[in-house]
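The values are calculated or read from the model by the stated rules, or taken from the named source; none is laboratory data. Since this is a predicted model, take the numbers as computed values, not measurements. Reconstructed Cβ throughout: ideal geometry from the backbone, glycine too, with neighbour counts over all protein chains shown.
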Amino acid sequence: MRIGLDASLAGEAGSGTGRYARLLVRHLLALDAESEYRLYFRSQDEGQNPLRALDGPRVASRVVDAPHPLWRVHVSLARALRRDRVDVYHALAFFVPWLWRGPAVVTVHDIHPVLLRRHWWWRGSRRAYLVMRLHIPLALRRARVVLTHSAYVRDTIRARYRLPAERIVVTPPGADPFFLAPPTPEELAAAAARFGDEPFFLSVGVLAPQKNPAGLLRALALLGRAGERPPPRLVLVGRSVGDYARRHLVPLVDALGLADRVTLAGYVEDGVLRALYHRATALVMPSFGEGFGLPVLEAMAAGAPVIAATGSSLPEVAGEAALYVDPRAPADIAEAMDALWHDGARRADLAARGRARALTFTWERAVARIVECYRG
C-alpha cells in the first residue's frame, strides 16, 4: 500500500500540529514495515523541515508548490497524489484536497474553531477562522476515516455533524521521547541564562484568546496581592497569533503591574523548552477548549506538575495527574497556583503521577491503529 502525506506541516516550528506531523511520520516509517510512503514538501522546506532529509527504500519525497497555499492543497497536491498512484491520502490537519477522489484519512486536531467563534473572530484571526470553518466540515464529508486525539473531539463531531461512530477513530499521540529524557546541562544553562534562576510558572501554547492567557495573567496578579515575597513569576512560551500579544497582553501586563514578573518568551528551541518544563513550578493550561493539549503530555513526560482547565479534552490527557480549575475564574486558577507554589510534596506527587501517566501514551499503539485505518 502506498500512503501519501503532506509533510510540509512538519516545518511549523513551535506548533502542536507541526510536532505531531514530525513524530507521526518518523514513527510510521519506523513501525510500519509493509507500506510505502510518499512525502510532499514545499520548496521553502529545504533546510527548514526536519523530515526533508528522510530517505530509504520505502519513502520518496516530492516538492509540490503553487502560488497560493489553498491552491497547493486542493489542486497541485491532488495532481501529485494521482501521478504517484497513492492508495490512501492522510491529511495531517483538516485539509483534504477538493480534487482528490481517492480514499482519504483526516486528522481533526481540534473542533473549537467551530465551537468557540467568539475566541476566533477578531482582527488577525478572522481569515484563519473562516478557512477552518469551511474546511472542517468538508474534510469530515470527504474522509473515509476521521482521526481524533480525544474522545471529546470524537463525541463533539458526532453530535454536531451526525457522523457514524465507525467513521471516527480516537488515536491519541504518543509521548515525545525527547521530553521523556532529562535536559542536558547545556540546556539547563541556556534556560537559566535567558529566564533566570528564580522559580516560575510556565504556560506553553500560542498566544490567542482561546488559550486564556488573559485569565492566567489575572490569576498571577491575585497571587501578587496576597503579599507573596518574592511573588511568583510566569513564563509564556509560544508565538502570538497576529498582533494579539502586542494589542492585548502587553497592555494587560502593564495594567496589572506585572511587567517584572511576566516574560513573553515567544518561540523557544526544544532543548530550552525541555529545561523549562524540568524547572517549572507547574505548567498552567487554563484554556477555554483543547482538542488534546500536547503541552500537558510534554510537561508530564518531563516531570512538571500540571494545572489544567476542566472540560474539553484535558482531563482525558492528565487523568488524576493534574489540578483542575475553572478557566472562567481567575481566582480558581490562582488558588491552584498558590497551592503548588507552597507545597513541594504535592508538586512531587503530581510530577510522579504525570510521568507515569505520560508513559501510557505510546506511538506504537497510535501507529498500529492508524495503519489499520489506512487498510480499511
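Which members of the stretch 49-64 meet the condition of being surrounded by 12 or more Cβ atoms within 10 Å (Cβ to Cβ) and farther than 14 Å from Val86 by Cβ?
Within the stretch 49-64, Asn49, Pro50, Leu51, Arg52, Leu54, Val63 meet the criteria.
Taking the stretch 254-263 as the region of interest, how many residues are more than 23 Å from Pro295 (Cα to Cα) and surrounded by 13 or more Cβ atoms within 10 Å (Cβ to Cβ)? Before the answer, list the steps.
Within the stretch 254-263, the first condition is being more than 23 Å from Pro295 (Cα to Cα), and the residues that meet it are 254-260.
Filter once more, keeping what is surrounded by 13 or more Cβ atoms within 10 Å (Cβ to Cβ): 256, 258.
Residues flagged as more than 23 Å from Pro295 (Cα to Cα) and surrounded by 13 or more Cβ atoms within 10 Å (Cβ to Cβ) within the stretch 254-263 amount to 2.
I'd like to check something: does the stretch 13-27 contain any residue that is of a type in the set (D, E, K, R), under 23 Å from Glu269 (Cα atoms) and more than 18 Å from the chain's Cα centre (by Cα)? Before the answer, list the steps.
At the first step, the residues of the stretch 13-27 found to be of a type in the set (D, E, K, R) are 19, 22, 26.
Then drop every residue that is not under 23 Å from Glu269 (Cα atoms), which leaves 19, 22, 26.
Filter again for more than 18 Å from the chain's Cα centre (by Cα), leaving none.
Taking every residue of the stretch 13-27 in turn, none turns out to be of a type in the set (D, E, K, R), under 23 Å from Glu269 (Cα atoms) and more than 18 Å from the chain's Cα centre (by Cα).
Right, Ala66: outside any helix (DSSP H, G or I), at pLDDT below 95 and either closer than 22 Å to Thr148 by Cβ or of a type in the set (Lys, Arg) (or both) or not? Steps first, answer last, please.
Details: outside any helix (DSSP H, G or I): yes; at pLDDT below 95: yes; either closer than 22 Å to Thr148 by Cβ or of a type in the set (Lys, Arg) (or both): no.
In short, no.
Somewhere in the stretch 33-47, is a residue hydroxyl-bearing (Ser, Thr, Tyr), within 23 Å of the chain's Cα centre (by Cα) and part of a loop (DSSP other than H, G, I, E, B)?
Step one: filter the stretch 33-47 for residues hydroxyl-bearing (Ser, Thr, Tyr), giving 35, 37, 40, 43.
Still in the running and within 23 Å of the chain's Cα centre (by Cα): 40.
If we keep only those that are part of a loop (DSSP other than H, G, I, E, B) as well, we get none.
Looking through the stretch 33-47, none of the residues is hydroxyl-bearing (Ser, Thr, Tyr), within 23 Å of the chain's Cα centre (by Cα) and part of a loop (DSSP other than H, G, I, E, B).
When you look at Arg52, is it over 17 Å from Ala139 (Cβ atoms), basic (Lys, Arg) and either modelled with pLDDT under 95 or in a loop (DSSP other than H, G, I, E, B) (or both), yes or no? Walk me through how you get there before you give the answer.
Working: over 17 Å from Ala139 (Cβ atoms): yes; basic (Lys, Arg): yes; either modelled with pLDDT under 95 or in a loop (DSSP other than H, G, I, E, B) (or both): yes.
Spelling it out, Arg52 is indeed over 17 Å from Ala139 (Cβ atoms), basic (Lys, Arg) and either modelled with pLDDT under 95 or in a loop (DSSP other than H, G, I, E, B) (or both).
Condition (residue is touching a residue at least 40 places away in the same chain (Cβ under 8 Å), touching a Phe, Trp or Tyr at 6+ places or on another chain (Cβ under 6 Å) and hydrophobic (A, V, I, L, M, F, W, C)) applied to the stretch 302-320: is it met by at least one residue?
Checked the stretch 302-320: at least one residue is touching a residue at least 40 places away in the same chain (Cβ under 8 Å), touching a Phe, Trp or Tyr at 6+ places or on another chain (Cβ under 6 Å) and hydrophobic (A, V, I, L, M, F, W, C).
Conditions (1) modelled with pLDDT of 95 or more; (2) polar (S, T, N, Q); (3) within 30 Å of Arg375 (Cβ to Cβ), marked per residue:
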residue: Glu166; (1), (2), (3): no, no, yes
residue: Ala181; (1), (2), (3): yes, no, no
residue: Ala190; (1), (2), (3): yes, no, no
residue: Gly215; (1), (2), (3): yes, no, no
residue: Val253; (1), (2), (3): yes, no, no
residue: Thr263; (1), (2), (3): yes, yes, no
residue: Tyr267; (1), (2), (3): no, no, no
residue: Arg274; (1), (2), (3): yes, no, no
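Please indicate, with yes or no, whether at least one residue in the stretch 183-193 is closer than 16 Å to Ser313 by Cα and out of contact with any Ser or Thr (no Cβ under 9 Å at 6 or more places or on another chain).
Looking only at the stretch 183-193, we keep the residues that are closer than 16 Å to Ser313 by Cα, and these are none.
Within the stretch 183-193 (the criterion being closer than 16 Å to Ser313 by Cα and out of contact with any Ser or Thr (no Cβ under 9 Å at 6 or more places or on another chain)), the answer is no, since none of the residues qualifies.
State yes or no: is Ser287 of a type in the set (Ser, Thr, Tyr) and at pLDDT below 95?
no
Could you pull out every one of the helices (runs of 4 or more DSSP H) wholly within the stretch 251-352 that has 3 or more residues that are within 20 Å of the chain's Cα centre (by Cα) and in the same structural domain as Val206 (by TED's automatic domain parsing)? Explain how you work it out, then say what you get.
Details: elements: 270-279, 294-302, 314-318, 330-342.
Those helices (runs of 4 or more DSSP H) span 270-279, 294-302, 314-318.
Answer yes if at least one residue in the stretch 273-289 is without any contact (Cβ under 8 Å) to a residue 40 or more places away in the chain and of a type in the set (Val, Ile, Thr), and no otherwise. Explain how you work it out, then say what you get.
Within the stretch 273-289, the subset without any contact (Cβ under 8 Å) to a residue 40 or more places away in the chain is none.
Among the residues of the stretch 273-289, not one is without any contact (Cβ under 8 Å) to a residue 40 or more places away in the chain and of a type in the set (Val, Ile, Thr), which makes the answer no.
Leu77: at pLDDT 95 or above, closer than 23 Å to Arg144 by Cα, in contact with a Leu (Cβ under 9 Å, 6 or more places away or on another chain) and not in a strand (DSSP E or B), yes or no? Can you show your working first?
Values: at pLDDT 95 or above: yes; closer than 23 Å to Arg144 by Cα: yes; in contact with a Leu (Cβ under 9 Å, 6 or more places away or on another chain): yes; not in a strand (DSSP E or B): yes.
When the stated conditions are applied, Leu77 passes them.
Return the total of residues in the stretch 350-376 being more than 17 Å from Ala91 (Cα to Cα) and β-branched (Val, Ile, Thr).
Residues of the stretch 350-376 more than 17 Å from Ala91 (Cα to Cα): 350-365, 368.
Pick out the ones that are also β-branched (Val, Ile, Thr) and you get 360, 362.
Residues flagged as more than 17 Å from Ala91 (Cα to Cα) and β-branched (Val, Ile, Thr) within the stretch 350-376 amount to 2.
Can you pull out the residues in the stretch 329-353 that are surrounded by fewer than 14 Cβ atoms within 10 Å (Cβ to Cβ) and more than 19 Å from Arg279 (Cβ to Cβ)?
Of everything in the stretch 329-353, just one residue is surrounded by fewer than 14 Cβ atoms within 10 Å (Cβ to Cβ) and more than 19 Å from Arg279 (Cβ to Cβ), namely Ala331.
Of the residues Arg42, Arg58, only one is within 30 Å of Ser240 (Cα to Cα) and in contact (Cβ under 8 Å) with a residue 12 or more places away in the chain; which? If you could, list the steps in order and put the result at the bottom.
Working: Arg58 fails: within 30 Å of Ser240 (Cα to Cα).
Being within 30 Å of Ser240 (Cα to Cα) and in contact (Cβ under 8 Å) with a residue 12 or more places away in the chain holds for just one of Arg42, Arg58, which is Arg42.
Could you please find all residues in the stretch 141-158 being part of a helix (DSSP H, G or I) and farther than 23 Å from Leu314 by Cβ? Full working, then the answer.
Restricting attention to the stretch 141-158, the residues satisfying the condition of being part of a helix (DSSP H, G or I) are 141-142, 151-158.
Result: Arg141, Arg142.
Could you give me the residue pairs with C-beta distances under 8 Å whose first residue belongs to the stretch 65-91 and is closer than 24 Å to Val371 by Cβ, whose second residue is of a type in the set (Asp, Glu) and not in a loop (DSSP other than H, G, I, E, B) wherever it lies, and which are 6+ apart or on separate chains?
As it stands, the answer is Val73/Asp6; Leu77/Asp6; Ala91/Asp6, since those pairs meet every condition given.
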